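Everything below concerns the one structure shown next.
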């Protein structure tokens, strides 16, 4: 009997849509709104080994489905370069959603939590950027993972709507495409 072995190197080529929206707000205003809607993870609340307790804590702490797992103030670390841009990046996620993909393939944690950036562009407009989640997770070739990626598209769309910024059509397109394939 022949056993299948995983190749020593796996290469996956994929297309990713980076979505960037003009928030229409000053940088500090949008940053504060985003951080209020996506609160920082409180690790002390997640020491429970009871996954139902973790789910309840996440539901309570993440009113819009996401928490900030990490952030970096790029402005501060680039200040010495002479560049005057304002920029901050985040890892935004929800471990109960990530677990539904992790269950299939722990490699999904390359893209979960989701990476986001808020920055000022050359005109001084405040921009929000994210790679479309469904593009990242579809690359695993697993329908269960891909479905969660589409769900994350919808959750990001809902977050942007809550923040009163434009919602990119591509965050809604994956759901339409999924429905077409199911018909």
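Since every read-out is calculated from the coordinates, none of them should be taken as a lab result. Just so it is clear, the structure is predicted and the values come from calculations on it, not from any experiment. Glycine gets a Cβ as well: all are built from the backbone with ideal geometry, and neighbour counts include every protein chain shown.
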So what is the 222 nm mean residue ellipticity for the chain from helices alone, if each DSSP H run of at least 4 adds -39500 (n - 2.57) and you divide by all residues, rounding to the nearest 500 deg cm²/dmol? -12000 deg cm²/dmol
Most to least packed among 71-81, 146-156 [average Cβ atoms within 10 Å]: 146-156, 71-81
Rounded tilt (10° steps) of 51-61 against the dominant C-alpha axis of the chain: 20 degrees
Once both axes come from the Cα atoms, what is the angle between helix 27-37 and the longest principal axis of the chain, in degrees from 0 to 90, rounded to 10? 40 degrees
Sort the following peptides by mean Cβ neighbour count (other Cβ atoms within 10 Å, averaged over residues), highest first: 102-113, 124-135. 124-135, 102-113
Round to the nearest 10 and give me the degree value, 0 to 90, for the angle of helix 170-182's Cα axis relative to the longest principal axis of the chain. 20 degrees
Hey, rough spin-label estimate for residue 15 and residue 91, points 7 angstrom out along Cα→Cβ, what's it come to in nanometres? 2.9 nm
Most packed first (mean Cβ within 10 Å per residue), the peptides 17-23, 89-95 order as 89-95, 17-23
Would you mind computing Rg(Cα) / (2.2 N^0.38 Å) for segment 18-182, counting N as its residues? 1.08
Restricting to Cα pairs under 8 Å and 6 or more apart, the percent relative contact order of segment 18-182 works out to 25 percent
